[in-house]
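Please treat every number below as a calculation from the coordinates, not as lab data. It should be emphasised that the depicted structure is a prediction, and the values quoted were computed from it without experimental measurement. Using ideal geometry, Cβ is built from the backbone for each residue, glycine included, and neighbour counts are taken over all protein chains shown.
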Amino acid sequence: MFKFVLNDAASYVRSNVREFSLNALRLLPQLPQLSPYDVNLVLRENEFVYNFPVDGVIRSYETNQLGSNWPCEDSRTEASFLHRNGFICGIFDGHAGAACGQVVSKRLLRYVSAATLPRQVLREQMKQGADSQSFLKCHNDNVDFVSMIKPMYEASFLKYVNQLLETPQRDVSSELVNAFLQLDEEISQEALTSNDVRTMNVALSGAVACLVHIEGLQMHVASTGDCGAVLGVLDPQTQQWHSKKLNIEHNADNMSEVRRILAEHPKEEHETVIRNGRLLSQLAPLRAFGDFRYKWSQEIMQQKVLPMFGVQAMAPNYYTPPYLTARPDVQQHELGPNDKFLVIASDGLWDFLPPSEVVSLVGEHINSKKILEPMRLPEGDTTLQEISQQLAERKAGLTRKPVDQNAATHLIRHALGGTDYGIEHSKISYYLTLPRDAVRLYRDDITITVIYFNSEHIAKLHSDVDQTEVTAPVA
């Protein structure tokens, strides 16, 4: 249980040293120097790319992950809906261990897919014997739950679906909120009733989450904690990139979130409920899955937790729980032709790069990748001068050729090695060779997914909607 305190301490120290200079890095004890080849192997180890086979609002997505913790506490999941057109993905940043993040990453998307499916379709599928894996096609999922836990999770899912079938369909935002809260409640009940140390580990570790649900032109971003989502928008007139944040972090920098928590507890606790920017002096995110040692009653803590983990499991000044919730904030956005991509990432990226720079880097990466595409001559008559000019432009563009074809890797490389003068290889090498017991003081796990939108298809959908409105009969 001391791991809870140690993880929080590491996060606190890291937040105060994340902007150290390259000169400060060189003051560290001499570390082995990685070659560019070795750096590429490390950075690209967890890359994944998926190109969608049918014409839709999403062309493709690219994702990558670079761990700092061992094992990595971040998780990621991406999937297509099976009974309708749509896409869902999420990034989950665990803390106090990887258990909660891993479990939530696999279960939450299944809960959301069932909740947002039309009730009649859901009812028909359940009559045909559907289970939790019947509603999604996961694209990058190589692990499964252990056999002893799987039936319990399946029973919880079926219980949730039965509850859905007994309630009217709500809007997507409401269904997302309900799915988050219901899964968190199931994690609690499973830990309290199973007498299994594994379910207790899931409940006492924690995870923040950022989930993206896309169906047609409607995109919903549900966020609990301090992961981030930013939209890359291209101005068609100036060809300049603009960033649009689609979530607000739940931490002590968010004053409305601080006021919310203070309002939920007596005035006598206002000096202790958030101290040093942390919930009960310990937890940085102010909303999260799991972390039930900040949610359970004192009685449950005394009966279930302290006998297993000792008195250090009880947070200081723990008087009026719950102090924490998994309730997400949900932002809805209608996709337009100028929306080119979405980046979602754990805070390991945002520790290094602000949203505006992330959008600029991905935008530049998109433009640079065009150099790698085969040259196409214009249709019709073409002069030698025009061909010569096109070749000259491609030759000049080779100087901007990206090192990485995967935009998520491109962002990780710039996060670790970016300087005012470009990428500094030795800086990346230092970050990648720090000892395991020290690396968390300098960087967190970094997980990134970049979703590319199909502007032509989005424009066509808008045109079809406009045409329908024009031709609609007048009552």
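Quick notes on this one:
- For the stretch 213-229, the Karplus equation 6.51 cos²θ - 1.76 cosθ + 1.60, evaluated at θ = phi - 60°, returns couplings of 10, 10, 9, x, 8, 8, 10, 10, 10, 10, 10, 10, x, 10, 6, x, 9 Hz by residue, with Gly and Pro reported as x.
- The share of C-alpha pairs in the stretch 154-311 whose separation exceeds 22 Å stands at 57 percent.
- Candidate aspartates and glutamates - alpha carbon under 18 Å from Lys340, same-chain residues fewer than 8 apart omitted: Asp55, Glu62, Glu215, Asp235, Glu357, Glu364, Glu456
- Inter-part distance where the stretch 31-93 and the stretch 204-254 are each reduced to a Cα centre, Å: 17
- Per the Debye formula on identical point scatterers at the alpha carbon atoms of the stretch 34-137, with no solvent, log10 I(q)/I(0) at q = 0.13, 0.14 Å⁻¹ is -0.62, -0.70.
- If you take all other residues with their beta carbon under 11 Å from the beta carbon of Gln218, and give Lys and Arg +1 and Asp and Glu -1, the sum is -3.
- Radius 12 Å from Cβ of Ala326, net charge of other residues (Lys, Arg +1; Asp, Glu -1): -2
- Local electrostatic count at Val258 - Lys and Arg +1, Asp and Glu -1, tallied over other residues with Cβ under 15 Å: -2
- Structure-based [θ]222 nm, the chain - -39500 (n - 2.57) summed over DSSP H runs of at least 4, per residue, nearest 500: -12000 deg cm²/dmol
- The stretch 235-373 shape via C-alpha gyration tensor axes, a/c threshold 1.5: prolate
- Working from the Cα coordinates of the stretch 73-221, the gyration tensor eigenvalues give, after taking √(5λ), semi-axes of 24, 18, 14 Å in decreasing order.
- Options (i) 84, 73, 45; (ii) 158, 62, 38; (iii) 68, 57, 50 - which one matches Cα extents along the principal axes in Å as calculated here: (i)
- Relative contact order %, the stretch 2-466, counting alpha carbon pairs below 8 Å whose residues are six or more apart: 24
- Set of lysines near Lys127 by C-alpha distance (under 26 Å), chain-local residues within fewer than 8 positions excluded: Lys106, Lys137, Lys150, Lys159
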